[in-house]
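Participant: My structure is below; once you've seen it, I'll send some questions.
The values are calculated or read from the model by the stated rules, or taken from the named source; none is laboratory data. As the structure is a computational prediction, the values presented were derived from the model and not from experiment. Cβ: placed from backbone, ideal geometry, glycine included. Neighbour counts: every protein chain shown. Note: areas computed on protein heavy atoms with side chains; ligands, DNA, RNA excluded. Shrake-Rupley method; radii C 1.70, N 1.55, O 1.52, S 1.80 Å.
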Amino acid sequence: MADRVTVIGWDGSPLTAVATAALSAATLVAGAAHHLALPEVPAAAERIRLGSIDLAARRIAGHRGTAVVLADGDPGFFGVVRNLRAPEHGLEVEVVPAVSAVATAFARAGMPWEDAQIVVAHPRTLRRAVNVCRAHHKVAVLTSPGAGPAELALLLDGVHRTFVICEELGTAREQVTVLTSDKAADHVWRDPNVVIVIGGGPEQQATGAWISGRHPHGVRGWALPSDAYPDSATDPEGESPGLRAAQLARLGPRTGDLVWDIGSGSGALSVEAARFGAAVLAVDSDPDACARTAAAARTFGVQLQVVEGRAPHVLERLPEPDVVRIGGGGVPVVTAVADRRPERIVTHASTRDEAEALGAALTGNGYTVECALLQSVELDTSAWAERERSVVFLLSAVRSDLAP
């Protein structure tokens, strides 16, 4: 095993005295091509191009001498430190950090960033990174080949955002470009380090800020009473808070997910899914319902996209969902949703026959289905008398390849 492994961050500025001393003593240096070209790298040192981190880690583990790994920015922040410290490699490292690419990008933009979400976009995680951009006002995206500004913009089709694109940070070719997301796909970008995606709502105010990332605010709790939502009294098919709670519990919306809420009605479920950090597409054929959902989103300060149209036809042009709540439409809508293969689907029925038909459609399309009869009784606590009673069949379905 290497006698000593030092990981040095590099942000384009001159290396510190500590970094220079560690590098001058190195008998093995690993890094990208531009790192290995630094004049401080000893001429006699063995050099390893960092392609596969695991392969490099095995070479370092087998080296007898002093090893240095060079990495861009802060190597402990979405960097190589986690890989090198993995149990299978057994490497203990010392870290000399530099300014992270995210911090540098926000500095170039002259913006605060304690309220930003930070995501890594690879081709395999690009869709989830885009969902975070849909759901949050300010997101820093650490990009990679095949998952850059153009790909982000294409998947954000229909969602207006501003891009601050930081190319080749820390190099002589560094460039910062600001443009709207609909223009980003028209350009060829040079391996950008960071794309800052902004828009869709107000920036977090300094007063009261105490935690980084998504700022917790607004009403405490979820499955709020129907009258917490604007114009809920004008929604003729409003669902009870108990049913909404059960649906949300089975869907489990989370950051990085895209939720379809088909038949959004008052917008209550759409808003609460967005409050959990998920991106939400609220679909309804009624213009008044779309207006109610948009008003509810403004009231609670969440980002969601309202789509006016009738299911199942409108679903054909929507991006792929992770979880779906179906508020109506029967078997044709359930079948169309199942064809898109979301992880989870919830819907409900007012009769057993309807529940059986929906359950059969889900089972026949490769889902494991559970059904529960939910009964709730609302009491007037001034007289402890029954005020309202509801009975509904709740169906929850998990894609069979994911079911326990």
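Participant: Binning at 5 angstrom from zero up to the longest distance, how are the C-alpha pair distances of the range 262-404 distributed in percent?
Facilitator: 2, 10, 17, 18, 19, 17, 10, 5, 2, 1, 0
Participant: Per residue of the range 161-177, in order, report the coupling 6.51 cos²θ - 1.76 cosθ + 1.60 (Karplus, θ = phi - 60°) as ³J(HN,Hα) in whole Hz, putting x for Gly and Pro.
Facilitator: Result, ordered by residue: 9, 9, 9, 10, 9, 10, 9, 6, 4, x, 10, 5, 9, 4, 8, 10, 10 Hz.
Participant: Right, next: May I ask for the equivalent-ellipsoid semi-axes of the range 1-125, computed as the square root of five times each C-alpha gyration tensor eigenvalue and listed largest first in whole Å?
Facilitator: On the way: eigenvalues 134, 63, 29 Å².
Values for the range 1-125, descending: 26, 18, 12 Å.
Participant: Could I ask something else about it? Could you work out [θ]222 nm for the chain from helices alone, using -39500 (n - 2.57) per DSSP H run of at least four and dividing by all its residues? Round to the nearest 500 deg cm²/dmol.
Facilitator: It comes out at -7500 deg cm²/dmol, rounded to the nearest 500.
Participant: Under a 10 Å cutoff between Cα atoms, tell me which one of Arg161, Arg47, Arg341 has the largest fluctuation in the Gaussian network model of the chain.
Facilitator: Result for the chain, Cα springs under 10 Å: Arg47 fluctuates most.
Participant: Now, a different point. Rounded, prolate or oblate: which fits the range 34-74 when a ≥ b ≥ c are the square roots of the eigenvalues of the alpha-carbon gyration tensor, with rounded for a/c under 1.5 and prolate only if a/b beats b/c?
Facilitator: Oblate is the answer for the range 34-74, as a/c is 1.5 or above yet b/c matches or exceeds a/b.
Participant: Projected onto the charge dipole of the chain (+1 at Lys/Arg Cβ, -1 at Asp/Glu Cβ, origin at the Cα centre), which of Thr180, Gly242, Thr125 gives the Cα projection farthest towards the positive end?
Facilitator: Thr125
Participant: For a distance above 19 Å, tell me the whole-number percent of Cα pairs in the range 58-190 that qualify.
Facilitator: 56
Participant: So which trypsin sites (Lys or Arg not before Pro) in the range 57-111 end up in coil per DSSP with only 11 or fewer other C-beta atoms within 10 Å?
Facilitator: In loop regions of the range 57-111 (DSSP not H, G, I, E or B), the sparsely surrounded trypsin sites (Lys or Arg not before Pro) are Arg64.
Participant: I've got another one for you. Would you calculate the separation in nanometres between label points at Trp384 and Ala403, each defined as 7 Å from the Cα along the Cα-to-beta-carbon direction?
Facilitator: Placing both labels 7 Å along Cα→Cβ, they lie 4.3 nm apart.
Participant: For Ala32 and Arg64, FRET efficiency with R0 = 22 Å and r from the beta-carbon atoms, rounded to 0.05?
Facilitator: 0.35
Participant: Rounded to the nearest 0.05, what FRET efficiency do Ala209 and Val178 have when you use their Cβ-Cβ distance and R0 = 25 Å?
Facilitator: 0.55
Participant: Continuing with the same structure: Carbon-plus-sulfur fraction of the accessible area of the chain, 1.4 Å probe, in percent?
Facilitator: 53
Participant: Answer rounded, prolate or oblate for the range 221-333, using the Cα gyration tensor with square roots of eigenvalues a ≥ b ≥ c: rounded when a/c is under 1.5, else prolate when a/b is larger than b/c, else oblate. Walk me through the numbers before you get to the answer.
Facilitator: Values: a/c = 1.36, a/b = 1.12, b/c = 1.21.
Note, shape of the range 221-333 comes out rounded.
Participant: Another question, if that's okay. Highest first, please rank the peptides 318-326, 264-272 by the mean number of other Cβ atoms sitting within 10 Å of their residues. Working shown, then result.
Facilitator: Working: 318-326: 22.1, 264-272: 28.3.
My ranking of the peptides, most packed first, is 264-272, 318-326.
Participant: Which shape class applies to the chain: rounded if a/c is under 1.5, otherwise prolate when a/b exceeds b/c and oblate if not, where a ≥ b ≥ c are the square roots of the Cα gyration tensor eigenvalues?
Facilitator: Prolate, since a/c reaches 1.5 and a/b exceeds b/c.
Participant: Once both labels are modelled 7 Å past Cα along the beta-carbon direction, what's the Asp191-Ser13 spacing in nm?
Facilitator: 2.3
Participant: Taking only protein heavy atoms and a 1.4 Å probe, what accessible area per residue, in Å², does the chain have with all protein chains in place? Let's see the in-between values first.
Facilitator: Details: 19370 Å² over 404 residues.
That works out to 48 Å² for each residue.
Participant: Now, a different point. Give the separation of the Cα centroids, the range 308-352 to the range 109-173, in Å.
Facilitator: 29
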